Amino acid sequence: MNILVTGGAGYIGSHTVVELMNAGYHPIIVDDLSNAHYRAVDRIGKITGKAPAFYMANCTCKEQLRHVFSQHKIDAVIHFAAFKAVGESVKKPLEYYRNNLDSTLTLLEVMEKFGCKKLVFSSSATVYGPNNPYPYKEEMPAIQSTSPYGWTKVMIERILTDYCTAHPDFCAVLLRYFNPIGAHESGLLGDDPNGIPNNLMPYIGRVAAGKLEKLTIFGGDYDTPDGTCQRDYLHVVDLAVGHLKALEYAQAHEGVEAINLGTGNGISVLELVTAFEKANGIKLPYVIGPRRDGDLPAFWADAAKAKELLDWEAVYSVEDMCRSAWKFAKNASV
Ligand code: NAD
Ligand code: WQD
């Protein structure tokens with residue numbers, strides 16, 4: 001089966017392409033490399049022994065997408081391509097709305113033209129917004145977010161829901177990821193953002209590698225067991241496998257379905273720091289600083305629906321996540 005993978009050179013996309021190839025699918029990557037490097041595509045080839053099809057193209061450009069669809073009979077699409085930095089989206093809302101909404105609308109129009117009716121979409125736990133109690137369940141209202149980035153996910157979920165109403169033979173699986181961390185066991189693929197990382201694990205990796213002086217933990221006075229925020233961290237390879245399960249589900253179903261991908265466990269920032277130190281035998285310098293604007297004290301997934309509908313559950317431990325993240329970070333370029 002030919003699977004178009006938009007954003008397939010990025011962090012989650014590259015790991016998913018590896019799993020797709022290992023399972024015998026034919027992924028076709030479309031990425032404009034706005035937040036990735038071509039070396040990730042090369043490395044996918046090293047890991048799997050076969051170079052994936054790659055188009056350097058922008059999903060907001062209909063001509064470029066049409067070209068890809070005219071070269072391959074695309075059976076299904078996994079749509080990762082988006083801008084994803086929460087803080088940047090507050091400063092550049094138009095760029096975020098333009099890129100994330102336009103790429104999805106353009107993709108849907110081209111899929112319709114070529115009769116492709118199966119889509120797996122990268123949504124996010126951010127769609128649960130600030131008011132739902134945790135653990136988050138799929139039936140809770142997912143109609144509010146806290147940043148322009150998050151709002152693009154809320155809006156795209158709405159667009160896909162309306163599209164499925166108008167086209168009952170279309171299937172859109174909305175995968176709501178929690179906090180993916182970790183890296184491929186080879187150490188060749190991982191999360192290596194440009195500039196100073198905003199997310200916790202890439203920041204820890206840079207501190208461990210001596211490229212940043214110390215970690216600042218954002219807030220130690222939350223109403224949580226150790227005062228630091230709790231999140232549902234899941235291994236990126238588990239997340240990648242979830243996409244293969246979602247593809248299988250989409251082949252057999254019609255309509256829209258939102259599904260959480262998380263472990264169902266909350267881990268605090270301090271617990272993650274301690275796990276990283278233990279797994280890798282490294283001491284991480286850190287200080288407790290002020291809270292970061294917009295952070296919620298705690299949330300994690302109710303993971304029952306993924307188990308029920310996709311027969312998916314996370315299998316990697318926090319130790320696996322920390323070990324693989326460090327294996328990647330110590331050889332990373334920045
Ligand atoms: P990433 O930035 O590593 O990957 C996204 C890829 O899309 C990049 O390679 C980028 O170059 C490409 N891209 C962006 N706009 C494009 C466009 N218009 N045309 C073609 N390519 C384009 O991010 P990621 O962490 O791998 O995230 C993948 C998806 O998962 C995103 O949609 C993101 O919003 C979503 N998500 C990520 C997280 C997370 O914590 N990483 C959590 C929830 C949801
Ligand atoms: C995790 C915890 C921080 C950095 C974001 C997006 C979300 C989703 C995943 C895409 C928090 C703390 C962090 C640091 C710290 N992305 N932290 N020091 O904020 O849970 O989620 O990424 O959809 O939408 O909002 O992830 O990795 O930034 O933070 O103490 O230097 O680590 O306060 O508690 P977050 P994160």
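The values are calculated or read from the model by the stated rules, or taken from the named source; none is laboratory data. Predicted, not measured: the structure shown is a model, and the values here were computed from it. Here Cβ is always computed from backbone atoms with ideal geometry, including for glycine, and neighbour counts include all displayed protein chains. We work out accessible area using only protein heavy atoms, side chains counted, and drop any ligands, DNA or RNA first. Shrake-Rupley method; radii C 1.70, N 1.55, O 1.52, S 1.80 Å.
No other residue among ASP169, ASP162 is surrounded by fewer than 17 Cβ atoms within 10 Å (Cβ to Cβ), free of Cβ contacts under 8 Å to residues at least 24 places away in the same chain and within 30 Å of GLU248 (Cα to Cα) apart from ASP162.
Please tell me if ALA250 is outside any loop (DSSP other than H, G, I, E, B), of a type outside the set (Phe, Trp, Tyr) and more than 13 Å from ligand 1 (Cβ to nearest atom). Considered against the rule, which asks whether it is outside any loop (DSSP other than H, G, I, E, B), of a type outside the set (Phe, Trp, Tyr) and more than 13 Å from ligand 1 (Cβ to nearest atom), ALA250 comes out as yes. Candidates PRO193, PRO197: the one that is without any contact (Cβ under 8 Å) to a residue 12 or more places away in the chain, within 16 Å of ligand 1 (Cβ to nearest atom), open to solvent by less than 50 Å² (accessible area, probe 1.4 Å) and under 17 Å from PHE83 (Cβ atoms) is PRO197. Answer yes or no: is there a residue in the range 313-320 that is open to solvent by 60 Å² or more (accessible area, probe 1.4 Å) and touching a Leu at 6+ places or on another chain (Cβ under 9 Å). Yes, the range 313-320 contains at least one residue that is open to solvent by 60 Å² or more (accessible area, probe 1.4 Å) and touching a Leu at 6+ places or on another chain (Cβ under 9 Å). Consider the range 267-297 and keep the residues that are out of contact with any helix residue (DSSP H, G or I) (no Cβ under 7 Å at 6 or more places or on another chain) and free of Cβ contacts under 8 Å to residues at least 24 places away in the same chain. The one that is most open to solvent (accessible area, probe 1.4 Å) is ASP293. Across the range 6-41, the qualifying residues are those that are in contact with a strand residue (DSSP E or B) (Cβ under 9 Å, 6 or more places away or on another chain) and at positive phi, and the one among them that is surrounded by the most Cβ atoms within 10 Å (Cβ to Cβ) is GLY7. Would you pick out the residues in the range 290-313 that are of a type in the set (Gly, Ala, Ser), out of contact with any Cys (no Cβ under 7 Å at 6 or more places or on another chain), within 16 Å of ligand 2 (Cβ to nearest atom) and under 15 Å from PHE178 (Cβ atoms)? If the condition is that a residue be of a type in the set (Gly, Ala, Ser), out of contact with any Cys (no Cβ under 7 Å at 6 or more places or on another chain), within 16 Å of ligand 2 (Cβ to nearest atom) and under 15 Å from PHE178 (Cβ atoms), then ALA301 is the only one that fits.
The strands (runs of 3 or more DSSP E) located wholly in the range 165-222 that include 3 or more residues which are closer than 30 Å to VAL256 by Cβ occupy 171-177, 179-181.
Would you kindly identify the strands (runs of 3 or more DSSP E) lying entirely within the range 4-99 that contain at least 3 residues that are touching a residue at least 60 places away in the same chain (Cβ under 8 Å)? Qualifying strands (runs of 3 or more DSSP E): 76-79. Within 12 Å of ligand 1 (Cβ to nearest atom) and touching a Leu at 6+ places or on another chain (Cβ under 7 Å) - does that describe any residue in the range 160-169? Within the range 160-169, none of the residues are within 12 Å of ligand 1 (Cβ to nearest atom) and touching a Leu at 6+ places or on another chain (Cβ under 7 Å). Hey, any hits in the range 147-157 for a residue that's touching a helix residue (DSSP H, G or I) at 6+ places or on another chain (Cβ under 9 Å), farther than 25 Å from VAL273 by Cβ, assigned to a strand (DSSP E or B) and open to solvent by less than 40 Å² (accessible area, probe 1.4 Å)? No: zero hits.
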